Each structure stands twice: as C-alpha cells, then as structure tokens.
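These notes concern the structure reproduced below.
The values are calculated or read from the model by the stated rules, or taken from the named source; none is laboratory data. The shown structure was predicted, so the numbers you read here are calculated from the model rather than taken from an experiment. Every residue, glycine as well, gets a Cβ built from its backbone with ideal geometry; the counts of neighbours run over all protein chains shown. Keep in mind that these areas ignore ligands, DNA and RNA; they rest on the heavy atoms of the full protein, side chains included. Shrake-Rupley method; radii C 1.70, N 1.55, O 1.52, S 1.80 Å.
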Amino acid sequence: MVERLSVPADTTWLMARIAALLSPYYEKDTPQGVRVMEAQDWAEEIGGFPQWAVQRAVRWWKSADNPKRAKRPIEGDISARIRIEMDAINAAKIRLKSGRDFEVRYEPSRSPRVCTDEMRERADRLISNLGFAKRVKGYEWDGAE
C-alpha cells in the first residue's frame, strides 16, 4: 500500500492542477514564455509527489484553514504542504525498513482518578468563591448525589 500511495502524479495532470491553482492569480499580460518557465519550476519542485498529496496540499492552500490563502502560492509553499501530507507515508516507509511490525498497542497513561468527598468540597468552595452556580450537564446541582 505504501508503494501505491507513493506513485508520482502524471505530469500532465500535475501541470493542469497547478494551472487551476494559479488561475485566479494570473496577470493577464504575462508572456507565454514566462508561463512556460514558471510551469517548469513547478514541475521541478513538486514532480515526483503522488497525485493525492498534491491534491490535498492545493485544497489546503485554498481552504479557510490557510491564513495566507489570498496570497499567490509559490512552488515551495505547496511543496512544504505536500511534505506534511506525506508524513504518514514517510513514517510507514521508515517503519517498513526497520523490519518491525505495525502492531498497535494501547496502554492507558494512568489509572482513572477517584473523586473523594474532600475533592468535591474543595470544588464546591472554588465554584462558590468564583461566583458560579453549581451545574452538572446543564442541570442545577444542590450537592446531593
């Protein structure tokens, strides 16, 4: 699966995807020769990455999650995000090279806390001192259980 998720995107698809990303930012009077040079720079920077990672990086750039989305991205912006998208695949590659299995182990970090009467009393005092009404899941609580 790691190999399939690492197959580089088709160059034609890649250039079309980048053209679609940049189309809102194009200046109308840019000579075609300059656009070709820009496309070569993009191909050099992000060629070799899988289609799914490029797609996710581009969509992230244009999303509300990116505070710089109104700015025209440069090659390194998208490349940096692709590398983040590839983190899980790269970790899997390292793990596979190590020869270790992928067994998932769950170990609780600590035992559950027990709430004593003294702890409840301290919480009640704190709530009262702060001027808050006692509530549990939206219901008034009089301290009785």
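When restricted to residues that are within 30 Å of Leu96 (Cβ to Cβ), assigned to a helix (DSSP H, G or I) and open to solvent by 80 Å² or more (accessible area, probe 1.4 Å), the range 1-19 contains 2.
Among the residues of the range 85-98, is any surrounded by 10 or more Cβ atoms within 10 Å (Cβ to Cβ), touching a residue at least 60 places away in the same chain (Cβ under 8 Å) and among the small types (Gly, Ala, Ser)? Taking every residue of the range 85-98 in turn, at least one turns out to be surrounded by 10 or more Cβ atoms within 10 Å (Cβ to Cβ), touching a residue at least 60 places away in the same chain (Cβ under 8 Å) and among the small types (Gly, Ala, Ser). So which residues in the range 37-68 are surrounded by 14 or more Cβ atoms within 10 Å (Cβ to Cβ), among the hydrophobic types (A, V, I, L, M, F, W, C) and either farther than 17 Å from Arg83 by Cβ or out of contact with any strand residue (DSSP E or B) (no Cβ under 7 Å at 6 or more places or on another chain) (or both)? Passing the criteria: Ala39, Trp42, Ala43, Ile46, Trp52, Ala53, Val54, Ala57, Val58, Trp60, Trp61. Scanning the range 20-36 for residues that are of a type outside the set (Lys, Arg), outside any loop (DSSP other than H, G, I, E, B) and open to solvent by 90 Å² or more (accessible area, probe 1.4 Å) turns up at least one hit.
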